[in-house]
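The values are calculated or read from the model by the stated rules, or taken from the named source; none is laboratory data. Everything numeric in this text was worked out from a predicted model, so none of it was measured. Cβ placement follows ideal geometry from the backbone for every residue including glycine, while neighbour counts extend to all protein chains displayed.
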Amino acid sequence: MKSNPPAAGERRAEFAALYERHNRELWALAYARWMDADLALDIAQEAFMRLWKHWEAGEEDIQNPRAWLLRVARNLAEDYAKSSFRRNGTTPPQLMNGVKSRDPMPLESMEKAEAFAMIRATLEDLPQADRDILTLRYALEYDATQIADLLGINATAVHMRLSRARQRLADRLTAQGTTAIP
Amino acid sequence: MNTTKPLPNPAGDDLDRLFAAYFQAEMPTRWPPAPRPWLDMPRVANTSPKTDSSHRSRWALAASVALLVGSCWYLSGHISDGQPKKPFDPDGTASPSVIDKNLGKGKPDPKAAPIPGMP
């Protein structure tokens, strides 16, 4: 059922509040899909832009903006797989061997960078569900209830999945000799 | 299943610290501010009033068309076959040029019809 649209100022405030609350969640899910922090930022921003367009078009009310945004972000992340950018295999210039270039790279950082590159490569081989839950736990530091709420599963499943995902990642990294921050 | 078992702690053992360090390094150091789409995208047409410039251009177009039609109508009433059309002259007070032009039209040629009894 449609209700009267809120005033412009009220709507902008609501938009900003939604962004503050959910921007990182959208980033985390997009990041877990592609392991690309900058692409994840773009996807999160685009999802919010689509929310605004949806409001402006006066389409049906969104009862749960968080769920709507998460769904749009997931779809955008999937759409990226079909884009020409992805198909052509172009590597963003800011990425090199999976290591971000924005930080200085003194010799003592090289080992850490290599370890991180190895984690990235290993994560890319893990199932999507593993990457989702690991990102929410270690990047956003969400607890089981928060993760369960976002992924639409119960807390027990969160414990089980996280434990297994962590073990898979640890096993593969240990097999490659990476067990701690260098 | 014991749901009270704590989750892996990002500050726990070496591997947890490694994972946490990796993900924290991947996260943006500065999150971009909320987009302000109301500044970037035009409003949807059916929700915004027509602008003044739109009204002005429409009025200018209407006035131009009216002027063009009026001019055509005016000129078609005053020009015929490339010559200016003269007003109706029921009492014969038209200018001499009109009389000269029509002189001889519709009348018999005096040379073509001989008069009986004349050489």
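Annotation: residue A:141 fulfils all but one of (1) within 11 Å of chain B (Cβ to nearest Cβ); (2) under 13 Å from residue A:32 (Cα atoms); the unmet one is (2). I'd like the residue in region A:109-123 that is over 17 Å from residue B:24 (Cβ atoms) and at pLDDT below 90 and, out of all such residues, is surrounded by the most Cβ atoms within 10 Å (Cβ to Cβ). Once the filter is applied, the top-ranked residue is A:114.
Okay, residues lined up against (1) at pLDDT 95 or above; (2) at the interface with chain B (Cβ under 7 Å from one of its Cβ atoms):
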| site | (1), (2) |
| --- | --- |
| A:6 | no, no |
| A:14 | no, no |
| A:19 | yes, yes |
| A:33 | no, no |
| A:39 | no, no |
| A:42 | no, no |
| A:52 | no, yes |
| A:60 | no, no |
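Scan region A:149-160 for residues that are surrounded by fewer than 21 Cβ atoms within 10 Å (Cβ to Cβ) and either of a type in the set (Asp, Glu) or within 24 Å of residue A:40 (Cβ to Cβ) (or both) and jot them down.
Just the residues of region A:149-160 that are surrounded by fewer than 21 Cβ atoms within 10 Å (Cβ to Cβ), to begin with: A:149, A:151-157, A:160.
Answer for region A:149-160, where residues must be surrounded by fewer than 21 Cβ atoms within 10 Å (Cβ to Cβ) and either of a type in the set (Asp, Glu) or within 24 Å of residue A:40 (Cβ to Cβ) (or both): A:149, A:151, A:152, A:153.
What about residue B:15, is it of a type in the set (A, V, I, L, M, F, W, C), part of a helix (DSSP H, G or I) and either at pLDDT below 90 or under 26 Å from the mean Cα position of the chain (by Cα) (or both)? Criteria met by residue B:15.
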